[in-house]
Amino acid sequence: MESDLKLSAQGLIRDYAGRRAVNDIDIRLAAGEVLGLLGPNGAGKTTTLRMLAGTLAPSAGRILLAGHDMARAPQQAKRHLGYLPERPPVYDELTVDEYLAFCARLHGVERAKRADAITRAKADCGLEAVGRRLIGHLSKGYQQRVGIAQAIVHRPDVLILDEPTAGLDPNQLRGIRELVGRLAEAHSVIVSSHILSEIQAVAHRVMILHRGRVVLDEALADAEARDDRVIDIGLRAGPDRSTLAALPGVETVEPLGDGRWRITAAPGRDIRGSLAETAVHNGWHLVELTTHAPDLETRFAELTRSAEHTTAVAS
Amino acid sequence: MNLAVSIARHELRRLFVSPLAWTLLAVSQLLTGILFALSLTDLSLNPQRIGAYDGVSAIVGGGLFRFATVVLLLVVPLLTMRVFAEERKTGNIELLLSSPASLTAVVLGKFAGLMGYLTLLFALVALMPLSLAFATPLDIGLLASGLIGLWLVMAAFCALGLFLSSLTREPTLAAVATLGALMLLWLFYAVSAMEWQPVVFGTALPLGDAARALSLIGHHDALLRGVFSSADVLYFLIFTLCFLALTVVRLDMDRH
């Protein structure tokens with residue numbers, strides 16, 4: 001199992017002048033996996049990614065990239081890494097071809113394979129037509145693509161993309177999203193965003209960061225499957241909370257006000273039918289029964305809000 | 001090492017596609033050219049200045065190289081400010097830091113790139129006195145010593161500028177700091193000329209001698225006079241290597 005991991009980080013901590021920006025984060029990335037790093041602005045996403053990319057040393061913790069320790073053998077580890085920082089690191093005064101040639105040399109692509117590597121990277125990122133144009137004259141979306149091309153020109157095992165869709169218009173956004181999807185076929189990818197739909201569109205697994213901590217880490221399929229268990233029910237002449245909570249298969253009950261309740265069922269049980277029957281039988285005046293299906297967005301909001309609350313209480 | 005060469009080539013290419021590099025070359029060529037023409041005119045109007053010890057090489061060559069050092073004082077800060085300060089500001093430094101190149105390779109590559117450019121400037125300056133060989137016999141030894149001195153001064157200025165550039169993320173700040181530091185080195189030389197020996201607690205402190213030993217310009221002056229001593233050359237090498245090493249240390253501190 002360990003050997004399948006392209007990247008693993010344990011107990012990452014980063015302090016900035018006494019302020020803890022990243023607190024005890026573990027990240028494991030398997031081959032061919034796309035991990036979405038999600039969090040509000042200032043949650044510690046960029047700090048985490050910079051540590052993984054080796055441009056920032058962690059205050060504590062260990063990073064293994066393709067089996068190489070980032071602290072002890074940074075040169076070997078970085079050979080397997082492609083990194084797109086928050087701002088694409090492009091030189092305005094160079095043409096796309098010149099720039100990619102430099103990046104290929106910098107990442108040790110052999111001379112014989114260089115032209116091929118550049119052609120492939122340009123094809124992957126849709127840059128064929130602009131090879132001879134100055135990067136400074138390209139639009140923001142194209143500059144972003146050049147930044148991604150830079151990260152994949154040496155075909156690294158692990159690709160780290162920090163907010164690849166920031167500041168793009170909807171068309172460019174879709175283009176980059178499709179590109180990340182294609183890249184995932186050959187690389188393990190970590191992509192960060194503060195926009196949930198971006199992550200949902202490309203990632204297999206989502207990790208939500210808040211105030212430097214991981215508040216959620218699970219496969220996207222699981223995150224969405226759980227949603228069926230939450231039921232919103234409206235009862236005009238309803239009973240009190242304890243009566244509802246005592247019903248078979250009910251795990252939690254939460255009042256929504258105005259005779260409406262949010263009920264979470266025990267795992268693996270569909271209680272909608274029995275719930276309706278009970279309501280009718282007891283004359284509770286059933287007016288509404290829907291699966292609530294809180295999407296990831298609600299959970300994201302809840303997680304980041306509740307974590308805020310706990311920290312406020314703790315401090 | 002390959003990576004350092006790649007970085008040096010990249011640096012050179014970036015310099016030559018920017019108008020700054022060409023403008024700096026043109027301006028310094030214009031200034032040194034005017035000085036060269038003036039000193040030749042002066043010599044032809046007052047031929048009695050050529051004596052038993054000072055020939056054309058010493059008067060024209062020495063004067064030109066001294067002036068070229070002043071021009072460098074202004075050119076080098078403008079070049080070095082782009083290297084780390086500007087790359088940090090634009091975020092492009094992340095590209096180098098996340099690449100397999102070690103910090104030493106990055107610093108050496110940048111240094112070599114800048115020196116490549118400065119060597120071109122150097123060659124253009126060197127051609128002026130050497131062109132006199134068509135008209136008059138020259139003291140090649142004296143000129144060579146002066147030229148080696150000029151090149152070493154370039155390397156020293158460049159290393160100091162790179163270090164100061166690595167301290168900040170504001171290019172203008174880096175340029176001003178480098179200019180200030182280079183001028184300080186100049187003032188240091190003025191102290192050495194004063195034979196200043198203040199007496200502290202009954203002991204005379206040979207500040208003048210100390211300043212002479214430490215001053216970059218003082219060591220350069222010896223070479224300009226045609227005195228080629230390995231101590232002077234060693235001084236420049238140590239100065240340059242020290243500041244390059246400090247730059248590596250400074251960049252490493254950035255990660256922590």
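Throughout, read-outs are computed from the coordinates displayed, never taken from laboratory work. Keep in mind that what you see is a predicted model, and the values were worked out from it rather than measured. Here the Cβ positions follow ideal geometry from the backbone for every residue, glycine too, while neighbour counts run over all protein chains shown.
Adding -39500 (n - 2.57) for every DSSP H run of four residues or longer, then dividing by how many residues chain A holds, sets the calculated 222 nm ellipticity at -11000 deg cm²/dmol.
Would you mind telling me which residue in B:Asp221, B:Asp232, B:Asp54 has the biggest mean-square fluctuation in a Gaussian network model of chain B, where springs connect alpha carbons within a distance under 10 angstrom? Among B:Asp221, B:Asp232, B:Asp54, the largest GNM mean-square fluctuation belongs to B:Asp54. With one equal scatterer per alpha carbon and no solvent term, the Debye-computed log10 I(q)/I(0) for chain A at 0.07 1/Å reads -0.37. Proximity of backbone amide H atoms, modeled 1.01 Å from N, is registered between A:Gly39 and A:Ser193, A:Leu209 at under 5 Å, excluding neighbours fewer than 5 places apart on the same chain. For the range A:20-158, what is the charge dipole size about the Cα centre, in debye to the nearest 20, if Lys and Arg each add +1 at the Cβ and Asp and Glu each add -1 at the Cβ? In total the dipole reaches around 140 debye.
Pairs from the list A:Lys78/A:Lys113; A:Lys113/B:Lys110; B:Lys89/B:Lys110; A:Lys122/B:Lys89 with a Cα-Cα gap above 23 Å: A:Lys113/B:Lys110; A:Lys122/B:Lys89.
For A:Ile190, the residues whose modelled amide H falls within less than 5 Å of its own, excluding neighbours fewer than 5 places apart on the same chain, are A:Leu35, A:Leu159, A:Ile160, A:Leu161.
Projected label points at A:Ile195 and A:Glu251, each 7 Å from Cα along the beta carbon direction, are separated by 3.2 nanometres. When shorter helices are ignored and each DSSP H run of at least 4 residues is given -39500 (n - 2.57), the per-residue value for chain B at 222 nm works out to -25500 deg cm²/dmol.
Among the DSSP helices (H) of chain B, those spanning at least 30 angstrom by Cα along their long axis with an average Kyte-Doolittle hydropathy of -0.5 or more are B:19-45, B:103-130, B:140-166, B:171-193, B:230-255; this is a geometric and hydropathy rule only.
Counting only residues at least eight positions apart within a chain, or on another chain, the aspartates and glutamates with an alpha carbon under 14 Å from that of A:Lys140 are A:Glu86, A:Asp92, A:Glu163, A:Asp169.
Centre-to-centre separation between the Cα atoms of the range A:100-155 and those of the range B:55-83: 40 Å. When you filter the trypsin sites (Lys or Arg not before Pro) in the range A:58-128 for DSSP loop state and at most 11 other Cβ atoms inside 10 Å of their Cβ, you are left with A:Arg72. DSSP beta bridges fully contained in the range A:2-224 are about 55 percent antiparallel. A simple rule links phi to the HN-Hα coupling: the Karplus curve 6.51 cos²θ - 1.76 cosθ + 1.60 with θ = phi - 60°, which for the range A:235-248 gives 10, 5, 10, x, x, 8, 4, 5, 4, 5, 5, 7, 5, x Hz, with x for Gly and Pro. When each of the peptides B:84-93, B:9-18, A:243-252, B:192-201 is scored by the mean number of other C-beta atoms lying within 10 Å of its residues, the order from highest to lowest reads B:84-93, B:9-18, A:243-252, B:192-201.
Taking the Cα centre of the range B:2-255 as the origin and placing charges on Cβ (Lys, Arg +1; Asp, Glu -1), which of B:Gln48, B:Leu132, B:Thr119 is farthest toward the positive end of the dipole? Positive-end residue among those listed: B:Thr119.
Calculated FRET efficiency, A:Glu302 to A:Asp240, Cβ-Cβ distance, R0 = 30 Å: about 0.75 to the nearest 0.05. Take the Cβ atoms of A:Leu134 and B:Ile34, set R0 to 35 Å, and the FRET efficiency comes out at 0.50.
At an R0 of 30 angstrom, the distance between the Cβ atoms of A:Ala71 and A:Asp217 translates into a FRET efficiency of 0.80.
The DSSP beta bridges internal to the protein assembly as shown are antiparallel in roughly 70% of cases.
Need one word for chain B: rounded, prolate or oblate. Basis is the Cα gyration tensor (sqrt eigenvalues a ≥ b ≥ c); a/c below 1.5 gives rounded, then a/b vs b/c decides. Cα axes put chain B in the oblate bin. Between B:Ser18 and B:Glu195, the simple spin-label model (points 7 angstrom out along Cα→Cβ) gives 4.7 nm.
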